[in-house]
Each structure stands twice: as C-alpha cells, then as structure tokens.
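Beneath this line is the structure, given in structure tokens, with notes to follow.
Derivation of every value follows stated rules applied to the coordinates shown; laboratory data play no part. Every value quoted in this text rests on a predicted model; they were computed, and no experiment measured them. Here the Cβ is made from the backbone with ideal geometry for all residues, glycine too, and neighbour counts use every protein chain on show.
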Amino acid sequence: MTILIAGGAGYIGSHVVLALLSSRNFRKTKFVIMDNLSMGHLEIVKVLQDCAVDLGQPEVVFEKADLLDSAALDLLFERHKPDVVLHLAAKISVAESVTHPALYFSNNVTGSQNLLLAMKNHDCKKIVFSSTASVYGNIDQAMPIVESQALMPANPYAESKLNIEQEIEKASVSWGLKAVIFRFFNASGASARADLGEWHEPETHLIPLILESAIHGKTLHVYGSDYPTRDGTCIRDYIHVDDLASAHELGVIRLLKTVPDRPATEIFNLGTEHGTSVLEVIHSVEKICGLKVSVSSAARRDGDTAVLVASNAKAREVLGWKPMLSDMDTIVKTAYDWQKTMNKSHQ
Ligand SMILES: NC(=O)c1ccc[n+]([C@@H]2O[C@H](COP(=O)([O-])OP(=O)(O)OC[C@H]3O[C@@H](n4cnc5c(N)ncnc54)[C@H](O)[C@@H]3O)[C@@H](O)[C@H]2O)c1
C-alpha cells in the first residue's frame with residue numbers, strides 16, 4: 001500500500017507520518033510526503049526518513065511539489081499510485097488570510113481541487129482531510145461544539161477550509177470519493193522524541209509564543225481579561241499533536257475497512273471538550289519550565305469569543321479515538337523539550 005501525505009513536511013503532517021510509520025497497522029507501507037516547503041522543512045523530512053530506517057519500514061519518499069502545479073501532481077500520482085491521501089497542505093494563518101484572502105482561496109481551495117482531480121484521474125478514492133473547527137465561526141455557540149452545529153466561518157482561512165470540505169462532498173457524490181474529515185482547534189505539543197515539533201515561521205500560536213516569552217524574558221500580551229470565564233481570559237481547546245496523529249491513523253483505518261452503510265464523507269470533531277484558559281496555559285508553562293512569564297493585559301481583540309471547545313463524542317464512539325496526551329502539562333512539557341532542541345540546533 002502507498003499513502004500520500006500532502007503537507008507531510010509541516011507540523012501536524014510530520015507527526016502523522018511518524019504515527020503511521022510506528023504503527024503495526026502500516027508495516028511495509030510506502031509513505032510519500034508531498035510538500036512545496038513553503039512552510040515545511042527538509043530537516044523534518046530527514047528525521048522521518050531516519051525513523052523509517054530505525055523502524056525497518058520502507059523508505060519515506062519525498063516529492064517537492066506544489067498543489068497548484070497540476071502537471072507535477074499528475075506525474076506524482078503516475079509514479080507512486082497512492083491508495084490513500086492524507087491532505088494537510090494549506091496556508092494556515094488567520095491574520096494573513098484577512099490581508100491576502102485571494103492567496104488563501106488559490107492555495108487552499110484551487111490547490112485542493114487540483115489534488116482531487118489528480119485523485120480522480122488516477123482512481124485514488126480515499127482521503128483524510130485536516131479541516132478546522134474554525135469552520136463553526138467565533139460566535140457564542142453552544143459548547144462543546146458538535147458536528148451538526150451551524151457553520152459560520154469568520155475569516156478567509158476558515159472559509160477556504162469549508163470550501164474544501166464542500167469540494168470533497170461533491171466528489172463523494174460525483175465520482176465515489178470516500179472521505180474522513182477532521183475539525184479541530186489548537187494543535188499543540190510535540191513528539192515525545194523531541195526531534196519533531198511546531199516550527200512555524202512566523203509563529204502565531206499561543207504556546208510557542210508563551211515559551212518564547214518565558215525563555216527570552218519578553219513580555220506577553222494577554223488580550224482580554226474580562227471574559228465570562230473562570231479567570232476572565234479566553235478558553236481554547238488544545239489538542240496534543242500526537243493525539244491528532246492517532247486520529248488521522250484511525251481515519252485511514254476507517255477508510256480501508258468495509259463498513260456497511262457508511263456515509264461517503266464522515267466528519268469528526270477532535271477536541272478535549274473542556275479547554276484551558278490563557279492564564280492556565282501560562283501557569284502550566286511557569287510550572288513545567290520553572291520560568292516566570294511577564295504578562296501585560298491588553299484589550300480584547302475583535303472577533304475573539306470567550307470559549308471555543310469541540311465535542312469528541314462522535315470520534316470516540318465511531319473511531320474509538322480518545323485524547324491521551326492532551327492535558328496541558330504534557331503539552332507544555334513536550335513543546336518545551338522541542339523548543340530546547342530547536343534552540344540548540346539554531347545556535
Ligand atoms: N496548527 C493548527 O493548530 C491547526 C488547527 C486546525 C487545522 N489545522 C490544519 O492542519 C493542517 C496542517 O497544519 P500545520 O499546523 O501542520 O501547518 P504547517 O504550515 O506546519 O503545515 C502545512 C504544510 O503544507 C505545505 N503546503 C502549504 N501549501 C502548499 C501547497 N500549495 N503545495 C504543497 N504544500 C503546501 C507547507 O509547506 C507545510 O509544510 C492544515 O491543513 C491546517 O489547516 C491546523
């Protein structure tokens with residue numbers, strides 16, 4: 001079997017590849033990482049290729065290619081004939097999507113349409129797609145959010161991801177694509193091996209930013225301390241990246257199984273259901289790292305809502321998925337270990 005991982009040189013994609021490489025269910029599987037390296041890193045691919053050798057798995061193949069290059073996609077499908085695609089390749093900055101919306105619709109939506117066309121042309125009919133829980137929008141919905149709740153994407157990034165979901169649903173109807181779609185909020189933490197982790201440039205996610213403040217003594221701005229939450233700061237749903245990776249593995253297994261009456265496209269939220277406030281994340285960083293974070297209170301940001309957490313009931317029931325590493329201290333410990341590895345290698 002051959003599995004193609006689009007965006008496999010990025011943060012979540014690389015952890016997904018590691019999970020599959022390490023799994024008994026995917027012995028002797030060929031993994032093809034496809035990435036344009038706009039945000040991914042060749043160093044990450046090398047770590048995965050070394051893991052494959054250590055684990056006695058077939059070589060992990062790397063193809064530098066862009067989703068916007070249909071000819072390159074066609075060649076790649078011709079050469080490797082993937083049976084399943086995991087699609088994680090996307091531009092992911094909400095702020096950038098607001099200033100450059102066209103870039104997001106082109107890269108994310110047109111790119112995904114090209115990928116789906118290559119799949120259709122090469123008779124590859126199984127996809128796991130990493131969507132986002134931001135398709136639900138930033139409004140005060142009932143919490144935790146369930147899959148049937150209203151979809152109201154609040155920015156071009158979220159809208160682009162919803163458009164891709166819709167393209168996948170159309171492909172399911174028109175040419176028999178089978179899909180598992182995951183919606184999740186804040187991927188966080190790092191592999192326990194400390195040689196894979198979050199490496200975004202620029203970094204916009206909260207935990208790496210708090211760690212940076214703690215390590216380099218920079219002041220951290222906390223936007224809003226008067227929300228109706230237990231300590232006044234926003235509550236968000238942080239999922240350890242290895243828990244996301246295990247869900248992606250279960251998604252592939254689900255697609256490979258014959259399940260009577262299974263809908264062609266299945267959508268699952270991946271969440272913790274409870275969430276952590278900004279101040280709780282800061283306290284966890286201070287405890288785990290033994291460092292003080294200097295905090296300054298800033299005004300609320302437009303569009304932020306008090307609480308965003310996703311239900312995991314459907315993923316638990318249908319896939320047997322359970323977050324195992326998503327307690328905040330484990331997330332912070334692994335993220336900190338990775339940060340130290342990064343700092344050492346960049347000295
Ligand atoms: N990080 C999060 O908290 C989060 C939350 C919800 C959903 N997601 C989704 O998960 C996926 C992975 O996110 P991530 O945090 O690992 O991001 P990332 O930026 O680390 O990884 C994305 C990868 O896709 C590649 N890529 C982007 N555009 C491409 C193109 N046109 N052709 C080929 N490769 C391309 C990048 O080089 C990068 O390696 C994304 O689809 C994102 O929408 C992420």
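Extension gain for the segment residue 24 to residue 78, taken as residue separation times 0.36 nm less the Cα-Cα distance, is 16.7 nm to one decimal. Remark on residue 152: its backbone amide H falls under 5 Å from those of 136, 137, a criterion applied only to residues 5 or more positions apart or on other chains, H modelled at 1.01 Å from N. Here the 3J(HN,Hα) profile of the range 180-191, calculated from phi with Karplus coefficients 6.51, -1.76 and 1.60 at θ = phi - 60°, is 10, 10, 10, 10, 9, 8, 9, 5, 7, x, 8, 4 Hz, Gly and Pro shown as x.
GNM on the chain, alpha-carbon springs under 10 angstrom: the most fluctuating residue among 154, 142, 187 is 142.
If the chain linking residue 313 and residue 286 were pulled fully straight, counting 0.36 nm for each residue of separation and taking away their Cα-Cα distance, it would gain 6.5 nm.
Can you work out the PRE-style zone for residue 341? Point 7 Å along Cα to Cβ, and I want the residues of the range 49-73 with backbone N under 17 Å. In the range 49-73, the label zone of residue 341 (backbone N under 17 Å from the point 7 Å along Cα→Cβ) covers 49-55. Pair-distance distribution of the range 1-101: all C-alpha pairs, bin width 5 Å, starting at 0; shares per bin in whole percent are 3, 13, 25, 23, 18, 10, 5, 3, 1, 0.
Shown is the FRET efficiency for residue 123 and residue 41, computed with R0 = 41 Å from the Cβ-Cβ distance and rounded to the nearest 0.05: 0.80. Under a crude label model (7 Å from the Cα following the beta-carbon direction), how far is residue 223 from residue 322 in nanometres? Simple spin-label model gives 3.6 nm for this pair.
The charge dipole of the chain, taken about the Cα centre with unit charges on the Cβ atoms of Lys, Arg (+1) and Asp, Glu (-1), comes to about 680 debye, rounded to the nearest 20. Farthest toward the positive end of the dipole of the chain, out of 45, 185, 158, is the Cα of 45, where the dipole comes from beta carbon charges about the Cα centre.
Averaging 1/r over each pair of different alpha-carbon atoms in the chain and inverting the result gives 20.5 Å, the Kirkwood hydrodynamic radius.
This model, with +1 at the C-beta of Lys and Arg and -1 at the C-beta of Asp and Glu, gives the range 235-347 a dipole about its Cα centre of some 200 debye. Computed from phi, the 3J(HN,Hα) profile of the range 118-132 under the Karplus parametrisation 6.51, -1.76, 1.60 (θ = phi - 60°) reads 4, 4, 4, 5, 10, 6, 9, 10, 9, 9, 10, 10, 8, 8, 8 Hz, with x in place of Gly and Pro. Compared with the alpha-carbon gap, the fully stretched path from residue 170 to residue 69 is longer by 34.2 nm at 0.36 nm per residue. Calculated [222 nm] ellipticity per residue, helices only, for the chain: -12000 deg cm²/dmol; basis is -39500 (n - 2.57) per DSSP H run with n ≥ 4, divided by all residues, nearest 500.
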